[in-house]
Each structure stands twice: as C-alpha cells, then as structure tokens.
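Worksheet: the structure to be examined is printed underneath.
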C-alpha cells in the first residue's frame with residue numbers, strides 16, 4: 001500500500017515540480033534579524049484546525065525545521081516525506097500536503113526556505129479526486145502580499161463590465177492589507193504578459209470570457225466548484241456532488257496561473273476566480289472575501305449562498 005502511495009506522490013511531483021521560469025518579480029530582501037512566520041496544520045482541506053503557531057526564526061530556516069519546532073513529526077523516504085504530524089499519519093488515500101501563503105509547494109519542506117511573513121500550511125486530506133490542488137483562498141491576502149519563496153508578483157484585477165465598483169472595493173481592500181501593486185483592467189483589455197506574469201483576480205459572472213475559459217478545464221485547475229448551465233455545482237473531497245445553486249450564488253476559488261509558460265505547478269503567479277451565477281452572486285463573494293475572513297480562514301475555497309459563507313470542499 002505504501003508503495004502505491006509513494007508512486008502516486010511521485011507522479012504528483014512530476015506533474016507540478018517544473019523548472020522555475022524567469023520573469024520580472026520583486027525578491028524580498030532579508031537582514032540577519034529573526035523573521036516572523038506561522039506554521040498551521042489542518043485536516044480535510046482546511047475544514048478542521050489542528051494547530052496554528054507563530055514563530056520567530058533565523059533567516060534561512062527551512063519549513064521542516066519550523067514544523068519540527070511546533071509538532072511531533074515522523075518522516076519517511078530519507079526525511080523528505082511527512083508521514084505523520086502529532087500522530088495524524090498517512091492512510092489509504094490520505095496524506096499531508098504543504099503550501100506557502102496559499103500556494104501549493106513544488107518542493108519538499110527540507111528544500112523550502114522560509115521568508116518573513118510566510119504562512120506554512122500543512123493539510124491532511126484525501127487526494128483521490130484532487131491529487132494536485134494548486135492554490136487556496138484561506139490565507140487571504142497572503143498569496144498577493146508575500147507570494148512564494150520571497151517573490152511577489154503584481155496583482156491585476158480583471159473586471160467584467162458593470163462590476164467596476166466591486167473592483168474598486170477589492171482594490172482598496174487589498175491595498176489596505178499592504179498589497180502595494182494592484183491595478184484594475186477590463187477583462188477585454190488583459191494582455192498575454194499580464195496573464196503570464198501577474199497575479200490575476202478574475203472578477204465577473206460565470207459568463208465572463210476568462211472565467212468561462214477556466215470553467216471549461218475546471219478539473220485541471222484543482223477546482224471543487226464549476227458552472228454548469230445556469231447553476232453552480234459543488235463537489236466534496238471525493239468528487240461527489242454535494243449541492244447545486246442558482247441565482248445569487250457566489251464563489252471564490254484559486255489556482256496557479258495556467259497561462260504561465262511554466263504551467264500550474266511552477267509556484268509563481270496565482271489566479272483567483274471571484275465569480276457567481278450573476279452580478280449579485282459576484283458582489284456577495286467580494287463582500288465575503290473582504291469582510292468575513294473568520295468564516296473561511298484555512299479553507300480551500302468558499303461559496304456564498306443566501307448570505308451564508310460555506311467552506312469548500314464540504
């Protein structure tokens with residue numbers, strides 16, 4: 001059984017451990033002073049919190065070293081594979097996966113060097129339906145604020161016509177969190193360079209062109225929500241349909257940019273889909289993202305239905 005699990009994870013590695021492509025990005029500098037990081041462990045795509053610890057560590061500290069400061073860790077395969085954390089161990093179809101600032105890592109904990117402000121997130125979940133889930137929304141706005149491996153990319157809010165007020169509200173919110181480089185463009189004006197080398201927030205209804213493009217390949221994006229006809233369909237961690245929703249429903253979910261030349265496993269820029277079945281749904285998703293963080297913290301994605309925030313997958 002372990003051999004099968006190892007084979008599956010090796011396949012995962014081959015899919016997402018791609019060479020980092022060169023691009024214009026700001027590399028955060030660090031001094032010799034200690035840096036502040038957070039180590040979090042959850043279960044089932046962020047549904048249940050196990051622990052959250054804030055640490056001061058020296059620059060150059062690995063993710064593995066930080067984890068070992070706050071938890072009992074058992075490793076396998078030469079120390080590069082986490083077998084258990086605080087007694088929660090690998091079992092058939094479930095393992096530990098790590099992300100940094102909401103971006104799934106393409107290297108192991110021994111090889112990732114932490115940077116100031118990083119959130120190191122370990123989640124124990126079923127990977128039968130989603131072997132690779134490239135990004136999550138539960139650490140808003142860390143993907144835009146701290147990036148991955150100290151590299152922070154500019155953020156572009158790609159706004160569908162008629163949602164300019166929501167775009168400006170989101171831009172103001174991101175800047176209030178400290179995200180410095182945030183611009184707004186019409187979805188029709190987005191150029192290939194922005195798609196390849198910027199963080200994108202796609203703000204629009206399910207009929208928006210860029211959102212429809214991702215919706216057509218939603219399974220390859222690691223999504224648990226997609227649009228089908230005039231409905232929003234949600235799935236659990238095993239791939240079973242949990243619910244369908246109609247007018248007024250919103251969603252916030254994330255992936256790594258499929259337009260990046262390195263692919264969705266290169267760990268550079270992210271794409272967040274802030275969408276809904278109609279404009280009311282989109283606006284409810286924006287409101288949840290900016291004002292109801294405690295209701296989706298740690299979650300992989302969220303949906304809004306009848307003023308309720310629901311964590312996804314359920």
Could you tell me whether any residue of the stretch 202-220 is crowded, with 23+ Cβ neighbours inside 10 Å, within 17 Å of the chain's Cα centre (by Cα) and at positive phi? no
Candidates 57, 119, filtered to the one that is buried (at least 17 other Cβ atoms within 10 Å of the Cβ) and either without any contact (Cβ under 8 Å) to a residue 40 or more places away in the chain or farther than 25 Å from residue 303 by Cα (or both): 57
Per the filter on the stretch 266-298, residues surrounded by fewer than 20 Cβ atoms within 10 Å (Cβ to Cβ), outside any helix (DSSP H, G or I) and more than 13 Å from the chain's Cα centre (by Cα) are 278, 292
Here is a check on your reading of the model: is residue 104 over 18 Å from residue 225 (Cβ atoms), buried (at least 22 other Cβ atoms within 10 Å of the Cβ) and under 16 Å from the mean Cα position of the chain (by Cα)? no
For residue 233: the one exception among (1) assigned to a strand (DSSP E or B); (2) within 21 Å of residue 144 (Cβ to Cβ); (3) without any contact (Cβ under 8 Å) to a residue 40 or more places away in the chain: (2)
What do you reckon, is residue 183 in contact with a helix residue (DSSP H, G or I) (Cβ under 7 Å, 6 or more places away or on another chain) and surrounded by fewer than 22 Cβ atoms within 10 Å (Cβ to Cβ)? no
Would you mind finding the one in 227, 223 that is in a strand (DSSP E or B) and either modelled with pLDDT under 95 or touching a helix residue (DSSP H, G or I) at 6+ places or on another chain (Cβ under 9 Å) (or both)? 227
Identify, please: which residue in the stretch 249-262 is surrounded by 19 or more Cβ atoms within 10 Å (Cβ to Cβ) and assigned to a loop (DSSP other than H, G, I, E, B) and is, among those, farthest from the chain's Cα centre (by Cα)? 249
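The values are calculated or read from the model by the stated rules, or taken from the named source; none is laboratory data. Fair warning: this is a prediction, and the values are worked out from it, not measured in the lab. FYI the Cβ positions are ideal-geometry reconstructions off the backbone, even for glycines, and counts take in every protein chain you see.
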